[in-house]
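The values are calculated or read from the model by the stated rules, or taken from the named source; none is laboratory data. Bear in mind that the values here come from a model prediction, so they are computed numbers and not experimental data. Cβ atoms come from the backbone with ideal geometry, glycine included; neighbour counts cover every protein chain shown. Note: areas computed on protein heavy atoms with side chains; ligands, DNA, RNA excluded. Shrake-Rupley method; radii C 1.70, N 1.55, O 1.52, S 1.80 Å.
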Amino acid sequence: MACRIIVITSGKGGVGKTTTTANLAVALANEGYRVVAIDGDVGLRNLDVIMGLENRIVYTLVDVIEGTCRLNQAMIRDKRTENLYMIPTAQSRTKDAVSAEQMLDICGQLRKEFDFVLIDSPAGIEAGFRNAAAGADEALVVTTPEVSAVRDADRIIGLLESMEKAPISLIINRIKPDMVKRGDMLSTEDVLDILAVDLIGVVPDDESVVTSSNKGEPLTFSNSSRATKAFLNIAKRICGNEVPFMDLSDDQKGFFSSLKRIFGN
Amino acid sequence: MFDFLKNLFSGEKSGDVAKERLQLVLIHDRNDIAPEKLEALKVDMVSLLKKYLEIDEMGIRMELERRNKSVALVADIPLKSSQRQIRGRKKNG
Ligand SMILES: Nc1ncnc2c1ncn2[C@@H]1O[C@H](COP(=O)(O)OP(=O)(O)OP(=O)(O)O)[C@@H](O)[C@H]1O
Ligand SMILES: [Mg+2]
């Protein structure tokens, strides 16, 4: 299949870009695709720890760009699944260590070897974001259902459109069904009324996201929480499958889900 | 708790408030008209209008309004003399 290069971005910081990148990379690799995830957040690298690969870094993207090593020397193979690689970035450098042209060149090389290249973008609308997005064809915009995050998502969507990324799809992360039910949180429909993009997934706020990041083990490796299911569904939709959106509104505090929680879900 | 009571009495949910605020903020963002820019425009406009009309500066309202597929700048500029005229007409009629 022709390689698809997708940037995961948001505008506002801390809404779940890195979490999303890691989980989708694992999910797509488990579907049998050749996947590489790139940390595009120079100076604030996180993808390595979220994926649990921080102890295996020898070279970084910046080393490749500076000619210290070859591209494949900076690619860390994730041994927990087939065909999954991660390219870390430098921690002790600033955003200008990687230019848009260099990113475009790296993506061009990866295109020949992979089915999916996922790029974890830094927050913001400045150079860091622009460079991370430079090599991408498509974009996933992550937002939480909050005024500030949706506002920034709108800004980013405008910029991505002007950069001619297509398709641009939306992920609403950290939704709390009981708050939505009470009318105290923007609902999926509210956000879609406001942002002019297609929805590709809704991920509930879920403690399993935190425990998985504690362990450096993306949920989509094995976990069976609601957030896991949501990420698996997004991966399937990215591949063109029609997967109905989960009903998040059913009672999580019911008897059976309590039992399920007790027995380790 | 206070919020809860407030919601109960006002009947307005914070999710709805969020949506309304977002829609308004995005009208400004998308048209690149920050509220401070609108304020500056208002000041300029008032000084221009004052050359021709006696206007009630305190009563001026200016805002962006959503139409079906477009956005309009709506200004409501009361004139100082208008009240007297209306009262006068009423008396005579
Ligand atoms: N669905 C979720 N449920 C609970 N916690 C979540 C969820 N998604 C993300 N988080 C938590 O939110 C925090 C921020 O997530 P993450 O690092 O993925 O965001 P980011 O957008 O990459 O941030 P940055 O802009 O700093 O790069 C993390 O602590 C993560 O565990
Ligand atoms: Mg991040």
Per-residue ³J(HN,Hα) for the range B:27-35, Karplus 6.51 cos²θ - 1.76 cosθ + 1.60, θ = phi - 60°, Hz, x for Gly and Pro: 4, 5, 4, 5, 9, 6, 10, 5, x
What pairs in B:K13/B:K42; A:K12/A:K165; A:K112/A:K215 have C-alpha atoms more than 29 Å from each other? B:K13/B:K42; A:K112/A:K215
Part-to-part distance (alpha-carbon centres) for the range A:75-139 and the range A:155-203, which is given in Å: 24
Below 8 Å, C-alpha to C-alpha, sequence gap of six or more: please give me the relative contact order for chain A in percent. 24
Taking every residue in B:14-26, how many Cβ atoms of other protein chains lie within 10 Å of its Cβ, on average? 6
Using the beta-carbon distance between B:I27 and B:I77 and R0 = 22 Å, what value does 1/(1 + (r/R0)^6) give for FRET efficiency, to the nearest 0.05? 0.60
Could you work out the mean count of beta carbons from other protein chains within 10 Å of each residue's beta carbon in A:177-185? 3
Show me A:90-103, B:31-44 ranked by packing, highest mean number of other Cβ atoms within 10 Å first. A:90-103, B:31-44
Tally Lys/Arg at +1 and Asp/Glu at -1 over every other residue whose Cβ is under 14 Å from the Cβ of A:R93; what's the total? -3
Quick one: dipole size for the protein assembly as shown, taken about the Cα centre, charges +1 on Lys/Arg Cβ and -1 on Asp/Glu Cβ, in debye to the nearest 20. 1040
Protection proxy ranking of A:4-10, A:201-207, B:23-29 - average other beta-carbon atoms within 10 Å, highest first: A:4-10, A:201-207, B:23-29
Using protein heavy atoms only (no ligands, DNA or RNA), what is the total accessible area buried between A and B, 1.4 Å probe, nearest 100 Å²? 1200
Packing-ranked peptide list from A:150-160, A:25-35, B:46-56, A:234-244, highest mean Cβ count within 10 angstrom first, is A:25-35, A:150-160, A:234-244, B:46-56
Rank these residues by their accessible area, most exposed first, probe 1.4 Å: A:E138, A:E82. A:E82, A:E138
Could you check the simple spin-label distance between B:E12 and A:M163, using points 7 Å along Cα→Cβ, in nm with one decimal? 3.7
